[in-house]
Amino acid sequence: MTDLGKSSHMYDRDDIEAEHAEREMRQKLKGAFKNFIEKVENLTRGKLEFDTPFRDLGFHGVPFRSSCLLQPTTHCLINVIEWPPFVICLDEVELIHFERVQFQLKNFDMVFIFKDYSRKVEMINSIPMSSLDAIKEWLNSCDLKYGEGAISLNWTKIMKTINDDPDGFFEDGGWKFLDPESEDEAEDSEEEGDGSWGPGEQNSEDGSEESDSDEDYDSDSDGSQSGSGSGTGSSEESGKDWSDLEAEAKRDDQKRSREEEDSPDRKRKRPSGGASKKKQRR
């Protein structure tokens with residue numbers, strides 16, 4: 001037990017000494033590189049400047065096969081710690097496009113499109129979504145254009161199409177197809193153009209609607225008047241009381257009885273009148 005304990009302590013001491021030696025080596029390299037920069041700037045009298053990376057603006061991504069810390073400088077985006085080194089000069093970049101920008105995803109991709117369209121695009125994969133806003137602020141400070149989309153694009157095919165007919169590409173709108181907001185605005189403008197109307201059309205439509213409503217009102221009023229005229233009798237009859245109806249019924253019965261009584265007397269008088277006429281003729 002004591003031997004194993006001693007050996008473990010020996011390994012710990014070796015690790016601590018190795019870490020201490022590595023720190024000292026880093027400090028020596030930093031000092032030597034700083035002295036080299038100062039000597040070069042003094043000899044060139046400021047004609048040659050060295051960029052210093054801004055560690056606070058750094059973000060993690062995968063430019064090749066492994067994740068590394070990418071740090072912006074005044075003119076570049078670099079990673080010189082991991083191998084192979086990654087360096088992009090911002091003056092050569094025309095547009096930056098963010099791919100796979102979705103709320104349900106944790107990472108997105110960053111595509112660099114260069115002013116030289118014959119050059120292959122550079123891509124940084126698997127950037128944390130939490131770094132998106134900071135990267136956009138950095139690009140705005142550098143006056144670099146950027147866009148974003150929810151899907152990954154086939155950049156080999158896109159760049160081949162652009163190189164085959166650059167003039168036709170820009171006549172068709174250029175890089176606007178990368179901005180989904182521009183497509184929505186174009187669709188909205190087309191819909192507004194199809195449904196456009198002027199004040200004259202509105203007045204004509206209002207006038208036609210008013211005339212139609214007037215005609216409907218006139219027809220309704222005429223129908224109501226004719227209906228009221230034809231139904232006066234029925235309304236008067238319906239307005240009589242039950243006693244009035246009984247009195248009318250009794251009157252009708254009396255008239256009928258009188259007519260029946262008068263009818264046999266008339267029949268009896270007719271033959272007598274006829275005989276007297278015959279006697280006179282004789």
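The values are calculated or read from the model by the stated rules, or taken from the named source; none is laboratory data. Computed from a predicted structure; not experimentally measured. Counting neighbours? That spans all protein chains shown, and the Cβs are built from the backbone with ideal geometry, glycine included. The protein model used for the area step is the full one, side chains on, heavy atoms only, and it has no ligands, DNA or RNA in it. Shrake-Rupley method; radii C 1.70, N 1.55, O 1.52, S 1.80 Å.
Just a few scattered comments:
- With every protein chain in place, the stretch 1-113: carbon and sulfur % of accessible area (1.4 Å): 56
- Loop GluC sites (Glu not before Pro), the stretch 58-99, which have at most 15 other Cβ atoms in a 10 Å radius of their Cβ (DSSP): Glu82
- Computed in the context of the full set of protein chains, the accessible area of the stretch 114-178 at 1.4 Å probe radius has 50% of its extent on carbon or sulfur.
- Backbone geometry of the stretch 132-142 corresponds, through the Karplus equation with coefficients 6.51, -1.76 and 1.60 at θ = phi - 60°, to 3J(HN,Hα) couplings of 5, 5, 5, 5, 4, 5, 5, 5, 5, 5, 8 Hz, x marking Gly and Pro.
- Each Lys or Arg adds one and each Asp or Glu subtracts one; over the other residues with Cβ under 10 Å from the Cβ of Pro63, this totals -1.
- Normalised per residue, the accessible area of the stretch 63-147 is 55 Å², obtained with a 1.4 Å probe and no contribution from ligands, DNA or RNA.
- Net +/- balance of residues flanking Met123 in space, Cβ distance below 10 Å, scoring K and R +1, D and E -1: -2
- Entries of Lys47/Lys120; Lys115/Lys160; Lys120/Lys176; Lys30/Lys145; Lys136/Lys176 with Cα pairs more than 24 Å apart: Lys47/Lys120; Lys30/Lys145
- Cut-off under 5 Å, modelled amide H: who pairs with His60 long-range: Leu70
- Sum of side-chain charges, Met110 neighbourhood, beta-carbon under 13 Å (Lys, Arg +1; Asp, Glu -1): -2
- Cα centroid separation - the stretch 133-162 against the stretch 12-49, whole Å: 36
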